[in-house]
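Heads up, the thing below is written out as structure tokens.
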Amino acid sequence: MSDTEQVTDEKTDQNLERGSQAVHRVLRILLCWKDQDSTLSLTEIAQRTNLTLPTAHRMIKALQREGFLVHDKISGNYSLGPTILDLARVLLQRSDQDELVVTVIPHLERMREITGETVGLHIPMGELRMCIAELVSRRTIRTATGVGRTFPLPGGASGQVLTAWSEERLELVERQIGASDEKRRELHERLAKVRVNRYAMSEGETIAGASALAFPLFGPNNDVRASVNITGPDNRWTREEMLKHLPALLEEIEDVSEQLGHRR
């Protein structure tokens, strides 16, 4: 390789590195928004991303042009824009998910009637799970996940269920958490118990003050396609209350799995 070719390759690598850095900065800006945030100021965005004000402003302007962010001229703050909703709509309206939701919704309604609590449908997405349908409790004091919201596996009852029957997802989780041998052993024992029981319980793992009971939905190949998550305030949706409704809930879950092609 000549000196000229080597210099050209080094410049190409540097340009790629700068381009990658710009992409990561843009993604960090989009990830600034949390559940409690409706709008953020330029200063807040710069602080959360560890970017200088000029750099953050330049990135924000690019995101505005593509509709990822919207600027409120009165307050001077920024909010997530319509392009985000368009992308979410594509994800939530995939044909396979539509079929799953249509099949499961009547059963979610009956489970909400049985328990009086919020009932949701969660699907796996790599090392995450996402809520794609939810029927919120009609009680005054209630908990809710929110359609489109994601949580890392194996957190919460649904996270345990979606991990317990999948070696692939378990490997992703183990790489993600970088667990010690002891932690891995504890995780494997916990998931083995979930497989035996065919349900999982959790308390305050993903939402403070909330407890959850989750069940697997099996497909025709004995694969877990999704989980049904029932959540409520931990002072009302107690372990005793969950166990009281368990037989009726398991019957509904078995009916859904049968509709999805599963044969025990």
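The values are calculated or read from the model by the stated rules, or taken from the named source; none is laboratory data. Quick caveat, the model's predicted, so the values are computed rather than measured. We place every Cβ from the backbone using ideal geometry, glycine too, and count neighbours over all the protein chains shown. For accessibility, only protein heavy atoms count, side chains too; no ligands or nucleic acids. Shrake-Rupley method; radii C 1.70, N 1.55, O 1.52, S 1.80 Å.
Values computed for the structure shown
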item: Heavy-atom accessible area ranking, 1.4 Å probe, most first, across ASP98, ASP37; result: ASP98, ASP37
item: Nearest-0.05 FRET efficiency for ILE74 and ASP181, computed from C-beta distance (R0 45 Å); result: 0.20
item: Net dipole in debye of the chain [+1 Lys, Arg Cβ; -1 Asp, Glu Cβ; about Cα centre; nearest 20]; result: 720 debye
item: Per residue solvent-accessible surface (Å²) - the chain, probe of 1.4 Å; result: 57 Å²
item: Positive-end residue, the stretch 24-162 charge dipole about Cα centroid, Cβ charges, pick of GLY120, ALA157, SER75; result: SER75
item: Calculated P(r) of the chain - Cα pairs past 35 Å, %; result: 31 percent
item: Compactness of the stretch 47-168, expressed as Rg and Dmax over alpha-carbon positions, Å; result: 18.7, 55
item: For LEU153, residues with placed amide H under 5 Å, excluding near neighbours; result: LEU128, ARG129
item: 3J(HN,Hα) from dihedral phi, the stretch 214-219, Karplus parametrisation 6.51/-1.76/1.60, rounded to Hz, x for glycine, proline; result: 10, 10, x, 10, 8, x
item: Size of the stretch 173-264 as Cα extents on the principal axes (Å, biggest first); result: 40, 36, 19
item: Built amide H within the under 5 Å cut-off of THR118, gap 5+; result: SER137, THR143, THR231
